[in-house]
1. Output the number of the condition that residue 79 fails; it satisfies all remaining conditions of (1) closer than 17 Å to residue 52 by Cα; (2) at pLDDT 90 or above.
2. Within region 24-31, can one find any residue that is on the phi > 0 side of the Ramachandran plot and touching a Leu at 6+ places or on another chain (Cβ under 9 Å)?
3. Any idea which of 84, 29, 61 is modelled with pLDDT under 95, among the acidic types (Asp, Glu) and either outside the structural domain of residue 8 (by TED's automatic domain parsing) or assigned to a helix (DSSP H, G or I) (or both)?
4. Restrict the check to region 42-54 and report whether at least one residue is among the aromatic types (Phe, Trp, Tyr), within 15 Å of the chain's Cα centre (by Cα) and not in a loop (DSSP other than H, G, I, E, B).
5. In region 38-65, which residue that is more than 20 Å from residue 19 (Cα to Cα) and touching a helix residue (DSSP H, G or I) at 6+ places or on another chain (Cβ under 8 Å) is surrounded by the fewest Cβ atoms within 10 Å (Cβ to Cβ)?
6. Could you list, ordered by first residue, the pairs with Cβ atoms under 6 Å in which the first is in region 53-66 and without any contact (Cβ under 8 Å) to a residue 24 or more places away in the chain and the second is not acidic (Asp, Glu), at least 6 apart or interchain?
Amino acid sequence: MLAMRRAVECLNIKYDQARVDGNRCPELENCTSIIKGDLTEAVISATSIFAKVTRDRQMIELNKLYPMYGFAKHKGYGAKMHIETLTQFGAINKHRYSFIPVKNLSL
């Protein structure tokens, strides 16, 4: 929620309405949450595709620094390989510490 709010606050334009895929909105004026919005709203679908492609590219670059984690293959999603490499090598500062398998490592 915080990241979404910050992203909108950094826009250099005044928006009329923010649309969010899901069941709640960050603290923003004129925000509408739309469950399964990526299926019905073109702007949400496009944003979702852009975010995934961007993240996948970031994971491929991260794989160059940490090849033992296999980021280029699983792209950081909770695949079996990702969980196994976390268990074997531990978390790095690029891991999301709110992700349960990472959080469990630090207990």
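1. (2)
2. Taking region 24-31 as the starting set, the residues that turn out to be on the phi > 0 side of the Ramachandran plot are 30.
Retained after the next criterion (residues that are touching a Leu at 6+ places or on another chain (Cβ under 9 Å)): none.
So far as region 24-31 goes, no, none of its residues is on the phi > 0 side of the Ramachandran plot and touching a Leu at 6+ places or on another chain (Cβ under 9 Å).
3. Numbers: 29 fails: either outside the structural domain of residue 8 (by TED's automatic domain parsing) or assigned to a helix (DSSP H, G or I) (or both); 61 fails: modelled with pLDDT under 95.
The match here is 84.
4. Taking region 42-54 and keeping what is among the aromatic types (Phe, Trp, Tyr), we get 50.
Narrowing the set further to residues that are within 15 Å of the chain's Cα centre (by Cα) leaves 50.
Pick out the ones that are also not in a loop (DSSP other than H, G, I, E, B) and you get 50.
For region 42-54, residues among the aromatic types (Phe, Trp, Tyr), within 15 Å of the chain's Cα centre (by Cα) and not in a loop (DSSP other than H, G, I, E, B): present.
5. Of everything passing the filter in region 38-65, 60 is surrounded by the fewest Cβ atoms within 10 Å (Cβ to Cβ).
6. 56/75; 59/71; 59/75; 59/76; 60/72; 63/71; 63/72
The values are calculated or read from the model by the stated rules, or taken from the named source; none is laboratory data. Just so it is clear, the structure is predicted and the values come from calculations on it, not from any experiment. Don't worry about glycine lacking a Cβ; one is built from the backbone with ideal geometry, like all the others, and counts go over all protein chains shown.
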